[in-house]
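Notes follow once the structure below has been shown.
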Amino acid sequence: MSNVEEKLVKSLTAETTELIPYLPYLLQDLWELGSSPRDMLEMIRKYLDVSGQIKILDLACGKGAVSVSLAKDLGCMVKGIDLIPEFIAFAKKKAEEYGVDGLCEFMVGDINESIKVERDYDLVILGAVGDVLGTPEETIRKLKQTIKPEGYILLDDAYGKQDVEDGYYSRDEWLLIFEKTGVRLLAEEVVEEDELIDLNHEQQGFIVKRANELKKQYPDKAGLFEGYIQSQQAECDLLENDILGVTMLLQSIM
Ligand SMILES: C[S@@+](CC[C@H](N)C(=O)[O-])C[C@H]1O[C@@H](n2cnc3c(N)ncnc32)[C@H](O)[C@@H]1O
């Protein structure tokens, strides 16, 4: 079992790589898989000069909800990369549907490889991807390599309400990491609780429905799909109670 596959399932809140072939089916009713395209759009509009055509890299872009929205509303060039071929195919279809296929490039790939070759972007996005690129410090260093000297990073992650022992960095700990890695926190948008509860409820409804269909189709794997329902619910509870989902806009300062 590769490390990349283990982190892939974790990024989609699954507990076993056995679920990988079923993830596109389980998530077929969702376009947005983590980050809020609206929050990201608002932050970009407020802090970046978008009068020229900016170049954005969306790492682990999922089904392209953020990329397509930014291309549509800002007329920027976006390159989105994700490991799941079905997600990339969906993103391409959406780009066509929204008339931005000329602005968006989507490709299947491992972002651990992409960060070694992608360079010179105005903005890089890592939305709800967890520890795929390593610790927060490693993640920021890697993201920084892909942007221009004073380029921007949009990171959707979480602030732990307690300390690192829980696996989530507190806001103060994130700030120390920013200082160490040479980035400045320009803005942060914490997910609103009501909005989060509504969204979790809606998405969980879709996932439970699809998981139940799979249970019927593959009775011998019922435990696998039930496990997915449980881990999704646990993630919703975690986000609603123990951590704060946050989108951070950072600027490279050295
Ligand atoms: C929770 S989703 C977020 C998707 C998207 N950023 C969004 O906010 O809608 C996490 C994504 O990370 C992708 N992923 C995980 N590991 C990856 C890797 N090594 N390379 C590329 N994509 C990866 C998954 O396929 C999934 O689409």
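Among the criteria (1) surrounded by fewer than 19 Cβ atoms within 10 Å (Cβ to Cβ); (2) outside any helix (DSSP H, G or I), the one residue 5 does not fulfil is (2). Filtering 233, 203 for residues that are surrounded by fewer than 17 Cβ atoms within 10 Å (Cβ to Cβ) and of a type in the set (S, T, N, Q) leaves a single hit, 233. Among the residues of the range 118-135, just one is more than 16 Å from the ligand (Cβ to nearest atom) and buried (at least 20 other Cβ atoms within 10 Å of the Cβ), namely 122.
Pairs are defined by a Cβ separation below 6 Å, a sequence spacing of at least 6 or placement on different chains, a first member in the range 59-88 that is closer than 16 Å to residue 129 by Cβ, and a second member that is in a helix (DSSP H, G or I) and β-branched (Val, Ile, Thr); the pairs so defined are 59/111; 60/111; 81/111; 82/88. All conditions but one from (1) touching a Cys at 6+ places or on another chain (Cβ under 9 Å); (2) part of a loop (DSSP other than H, G, I, E, B) apply to residue 63; the one that does not is (1). Of all residues in the range 18-60, those being within 13 Å of the ligand (Cβ to nearest atom), part of a helix (DSSP H, G or I) and of a type in the set (Val, Ile, Thr) number 1. Residues in the range 114-130 that are under 17 Å from the mean Cα position of the chain (by Cα) and modelled with pLDDT of 95 or more: 114, 115, 123, 124, 125, 126, 127, 128, 129.
The values are calculated or read from the model by the stated rules, or taken from the named source; none is laboratory data. Nothing here was measured: the structure is a model prediction, and the numbers come from that model. Note: ideal-geometry Cβ built from the backbone for every residue, glycine included; neighbour counts use all protein chains shown.
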